[in-house]
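Participant: Structure provided below as structure tokens; questions to follow.
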Amino acid sequence: IVYLPNRLRGVLDADLATGSLHDALRRQGVALSRATGFVTARLASPKECELLALTHPTAMLVESRLVTDPDGAVVESTETAYVGSRWAMDTAAAVSPGVR
């Protein structure tokens, strides 16, 4: 699910079936600056199970994300659900020398 502010409704005229939403926003002059988000777990809804050919109950990972412009104004708010068994998270961290 993607929510966009009404001021960006012109992006709906772009070919989003084969193109990138962020590219379409940039073509409209929108600068994307920061994305923050978090991932939670929940069970799939009956409708999600139907759409994804899953048996109920099935674990889902849900990412909620907020994208803002350089002024901090919201450009995009999304909620994306992934089937838990079809998703992996790759993480990395830098460790400073001498830190104990």
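The values are calculated or read from the model by the stated rules, or taken from the named source; none is laboratory data. Because the structure is predicted, anything quoted here is derived from the model rather than measured. A quick note on method: Cβ atoms are made from the backbone with ideal geometry, for glycine too, and the neighbour counts reach across all protein chains shown. Side chains included, ligands, DNA and RNA excluded: accessible areas come from the protein's heavy atoms. Shrake-Rupley method; radii C 1.70, N 1.55, O 1.52, S 1.80 Å.
Participant: What residue among 30, 4, 97 has its Cα farthest toward the positive end of the dipole of the chain, where the charges are +1 on Lys, Arg and -1 on Asp, Glu, each on the Cβ?
Facilitator: Ranked along the dipole, the leading option is 97.
Participant: Provide the FRET efficiency to the nearest 0.05 for the residue 47-residue 27 pair, computing r from the beta carbons and using R0 = 35 Å. Spell out each step's value before the answer.
Facilitator: Numbers: r = 33 Å, r/R0 = 0.95.
So, using R0 = 35 Å, E works out to roughly 0.60.
Participant: Using a Gaussian network for the chain with springs between C-alpha atoms less than 10 Å apart, which of these wobbles most: 25, 12, 51?
Facilitator: Of 25, 12, 51, the Gaussian network model singles out 51 as fluctuating most.
Participant: Provide the net charge surrounding residue 86, with neighbours chosen by a C-beta distance below 14 Å and charges set as Lys +1, Arg +1, Asp -1, Glu -1. Before the final figure, lay out the partial values.
Facilitator: Working: positive: none; negative: 48, 63.
Net local charge, residue 86 excluded: -2.
Participant: Follow-up. Calculate what fraction, in whole %, of the accessible area of the range 1-53 sits on carbon and sulfur atoms when a 1.4 Å probe is rolled over the protein chains.
Facilitator: Here it works out to 55 percent.
Participant: Evaluate the charge dipole of the chain about its Cα centre and quote only its size in Debye, nearest 20, assuming +1 on the Cβ of each Lys and Arg and -1 on the Cβ of each Asp and Glu.
Facilitator: Numbers: 10 positive and 11 negative charges, 49 e Å.
Here the chain has a charge dipole of around 240 debye.
Participant: Can you pull the one-decimal nm distance between simple spin-label points at residue 40 and residue 12, each 7 Å off the Cα toward Cβ?
Facilitator: The answer from the label model is 2.7 nm.
Participant: Here's another thing I want to ask about it. Which whole-number percentage describes the relative contact order of the chain, with Cα contacts under 8 Å and a sequence gap of 6 or more?
Facilitator: On the way: 127 pairs, mean separation 27.4, N = 100.
Relative CO of the chain lands at 27 percent.
Participant: With every atom except the alpha carbons ignored, what do you get for Rg and Dmax of the chain, in angstroms?
Facilitator: Rg and Dmax of the chain, Cα atoms, are 17.5, 54 Å.
Participant: Roll a 1.4 Å probe over the protein chains and send me the accessible area per residue for the chain in Å². Display every interim value, and only then the final one.
Facilitator: Values: 7280 Å² over 100 residues.
Accessible surface, normalised per residue, equals 73 Å².
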